[in-house]
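Just passing along the structure, written as structure tokens.
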Amino acid sequence: MGKSKKAGQLRGLSERTSDIILVVICLIIVFLVAYPLYYVLIASVSDPYDVYAGKTFLLPSQFTLDGYKAVFADKSIITGFLNSIKYTVVGTIFSVVMIYLSAYPLSVKNLPGRKFLSIFFIITMYFGGGLMPTYLVVRDTGLIDTIWAMFIPGGVGVSNMIIVRNFFEHSVPKEMIEAAEIDGASHWTTFIKIIVPLSRSIMAVMVVFSMVAYWNDWFTALIYLPGTEHAPLPLVLRNILIKSSASASQAGMISGGYAELSKLTEMIKFSSVIVAALPMLIIYPFVQKYFEKGMMAGAVKG
């Protein structure tokens, strides 16, 4: 009796020790992940010289909002913000719809040419024509300087499509699909009334992936949208930073004011990161629970 009680106490102590170790490891990982963003945040409201001197490890030094004032002083930032919202909303809807429309047929076992089509999609993940051939295709299809250049060339994310296809294959009950087929439902009816309602969790994951991708996409706009009126927020912030850097160089050559303008350029760098990331940081907590469900969905094959 005494031995079993002692063994139980030792087991309980071992479990508590394991819990403490796991909590410590999790806290370390959280710190490693969260601190860089926190550092950029406090650096954006600190004196750049103090930042590079290592005086802003935990708290801001010489609090200032000059970086944010310089960013928002440019009137094009409002246009860029509205453009980013437009591209993110339209692009996310377009991307998720295209992923679903390509993933569902490939999840049907008796689809003619299913293996060939799957290989065709997978090949595009490893091989591509490169920037110039892609640009020529986009140009010849008349998409240059139109918002559709942001969506159509990369409308189907193949890796995301494969995730959704696997979800359809392993997480949607086959019995419901077979019952719908017995009742005479077409593939389209099955897709709309059974597949889509049962796959909201994985849809939430695709929405988050697409939102982040379109919100942060500046290179596509740089290549295909030469006009500044269509520039998204990240590209606008990039242009503001380039202009401030050029101004700093000119000031150094002309009036000797290089130090102050260089200082402002450094503040704009940090402020731009926060301005670009803040909307996604605000939205993510509201979709986190759906994101977690979707990532876990289909993890256990049954």
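The values are calculated or read from the model by the stated rules, or taken from the named source; none is laboratory data. It should be emphasised that the depicted structure is a prediction, and the values quoted were computed from it without experimental measurement. So basically every Cβ, Gly included, is an ideal-geometry build from the backbone, and we count neighbours across all protein chains shown. These accessible areas exclude ligands, DNA and RNA; they are computed on the full protein's heavy atoms, side chains included. Shrake-Rupley method; radii C 1.70, N 1.55, O 1.52, S 1.80 Å.
At 37 °C and 0.692 mPa s, what whole-number value in µm²/s does Stokes-Einstein give for the translational diffusion of the chain, with Rh from the Kirkwood sum over Cα pairs?
139 µm²/s
Still on this structure, please answer the following. Could you work out the local net charge near residue 241, counting Lys and Arg as +1, Asp and Glu as -1, over the other residues with Cβ closer than 13 Å to its Cβ?
Summing Lys/Arg as +1 and Asp/Glu as -1 gives +1.
May I ask for the net charge around residue 106, where only other residues with Cβ less than 14 Å from the Cβ of residue 106 are counted and Lys, Arg are +1 while Asp, Glu are -1?
Neighbourhood net charge equals +3.
Could you bin all the Cα-Cα distances of the stretch 1-153 into 5 Å bins starting at 0 and give me the percent of pairs in each, rounded to whole numbers?
1, 7, 7, 8, 9, 9, 9, 10, 11, 9, 7, 6, 4, 2, 1, 1, 0
Next question, about the same structure. Quick check for you: with a 1.4 Å probe and neighbouring chains kept, what is the accessible area per residue of the stretch 1-136, in Å²?
Ligands and nucleic acids excluded, the result is 69 Å² per residue.
While we're on this one: Once you've got the Cα coordinates, tell me which of 86/109; 86/269; 174/289; 86/193; 109/193; 55/86 are over 31 Å apart.
Cα-Cα > 31 Å for 86/109; 55/86; rest within.
Moving on. For a label point 7 angstrom out from the Cα of residue 136 toward its Cβ, which stretches of the stretch 185-229 have the backbone nitrogen within less than 12 Å?
none
Let me ask another. Quickly rank 63-76, 226-239, 169-182, 123-136 as a protection proxy: mean count of other C-beta atoms within 10 Å, highest first.
226-239, 63-76, 169-182, 123-136
Could you work out [θ]222 nm for the chain from helices alone, using -39500 (n - 2.57) per DSSP H run of at least four and dividing by all its residues? Round to the nearest 500 deg cm²/dmol.
-24500 deg cm²/dmol
Under 14 Å from the Cβ of residue 46, count the other residues' Cβ atoms, weight Lys and Arg +1, Asp and Glu -1, and hand me the total.
Around residue 46, the surrounding residues sum to -1.
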